[in-house]
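Just so it is clear, none of the values below were taken in a lab; they were calculated from the coordinates. Being a predicted model, the structure only gives us computed values, none of them experimental. Using ideal geometry, Cβ is built from the backbone for each residue, glycine included, and neighbour counts are taken over all protein chains shown.
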Amino acid sequence: MVSVEGMSETPSAGLSRQEAAITVLGGPTAVIDLGGLRIVSDPTFDDAGPHGYLTKTAAPAVDEDGVGLADLVLVSHDTHPDNLDERGRAFAKAAPLVLTGPVTAGRLGSPAVGLAPWTGHSVPRADGGGDLTVLAVPAVHGPEDGERDADGNVNCEVTGFVLSGQGLPTVYVSGDNASIRTVAEISRRVPDIDAAVLHVGAARVPAKFDGRPLSLDSRAAAAAAAVLGAETVVPAHYDAWAHFSEGLSEIELAFHEAGLSAVLRAAPHGTWVRLNR
Ligand SMILES: [Zn+2]
């Protein structure tokens, strides 16, 4: 069961602590309160404006002060400014712990710890419930047959994460991933995922892979939701940048056509989607 908090909370006043909930702030950035910890994935806090070959079109719904200090930051990749912009990078560096992939951790330096796919990291919970386990999972940032870099990755190293712990909902954060095959493998190996933050939006850059999607398009996101069997799917990374080819209306239509509207929880940015175990 999931409930969405409505207008009772003003995002600019700051994000109140939740027992188990997710909110997307715009772009890929999600805040996940779980096990007494505030976890922020792919922090981006810059104002709208140009970022090299990409253009940001909106600032986040809540700024760094409204989010407060994170206990844990998850960085799917650092090579693309839409996933880690300048203020997002500063926010991550100020956190006690950043979890990411090994190549990315080497670039970021302390406090980043690099996890290869299918390796876990334990973080002590703040609610007395033992540890939160963060499992790094693969992500493919483009078409399956896309050119591989020196490390064997399509586009670049990207890491997804599965968060779990005793009595907590299990939460999957996809990172930039375009591969349903990868989602299927994650679902096979972690069969009880309760909630998923999926990076959708069908990001396209003409110079990369003939303009084919670098992240899930809406129909692929609905298929991924079906494969996962998750009770709750929170879409992220479909707005606030100019290179997304699909937005919320396409996502809602695709989930409707798949008969999965009930699992799609697209709350306004900065508004909590509560998770129950
Ligand atoms: Zn990217």
- Task: Once you have all Cα-Cα distances for segment 13-60, histogram them in 10 Å bins from zero and send the whole-percent values.
- Result: 25, 46, 21, 8
- Query: What's the FRET efficiency of GLU252 with ALA58 using the Cβ-Cβ distance as r and R₀ = 22 Å, to the nearest 0.05?
  - Reply: 0.70
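Tell me whether segment 177-277 comes out rounded, prolate or oblate; compute the Cα gyration tensor, take square roots of the eigenvalues as a ≥ b ≥ c, and use a/c under 1.5 as the rounded threshold. Please report the intermediate quantities before stating the final value.
Values: a/c = 1.87, a/b = 1.29, b/c = 1.44.
Oblate, because a/c is 1.5 or more while a/b does not exceed b/c.
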- Task: Using only the alpha carbons of the chain, determine the length spanned along each of the three principal axes and report them from longest to shortest in whole angstroms.
- Result: 48, 44, 39
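With the Cα gyration tensor of segment 36-152 in hand, convert its eigenvalues to equivalent ellipsoid semi-axes via √(5λ) and list them largest first in whole Å.
Details: eigenvalues 112, 93, 26 Å².
In descending order the semi-axes read 24, 22, 11 Å.
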- Förster-model FRET efficiency, 25 Å R0, ALA116 and ASP192, C-beta, rounded to 0.05: 0.65
- Could you check the simple spin-label distance between ASP127 and GLU144, using points 7 Å along Cα→Cβ, in nm with one decimal? 3.8
- With each label point set 7 Å from Cα along the Cα-Cβ vector, what nm distance links ASP65 and ARG212? 4.6
- Enter the Cα centre distance for the pair segment 155-185 and segment 105-148, rounded to the nearest angstrom. 9
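If eta is 1.002 mPa s and T is 20 °C, what Stokes-Einstein diffusion coefficient results for segment 93-225, Kirkwood Rh from Cα pairs, in µm²/s? Write down the numbers at each step before the final one.
Values: Rh = 15.6 Å.
Taking Rh from Cα pairs, D becomes 137 µm²/s.
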- Segment SER261-ASP47, length gained on full extension (0.36 nm per residue, minus Cα span): 73.9 nm
- Task: Mind giving me the nanometre distance, one decimal, between the label points for THR79 and ARG17, set 7 Å out from Cα along Cα→Cβ?
- Result: 3.8
- Kindly provide the GluC sites (Glu not before Pro) of segment 126-178 that DSSP labels as loop, not H, G, I, E or B, and whose Cβ sees at most 15 other Cβ atoms within 10 Å. GLU144, GLU147
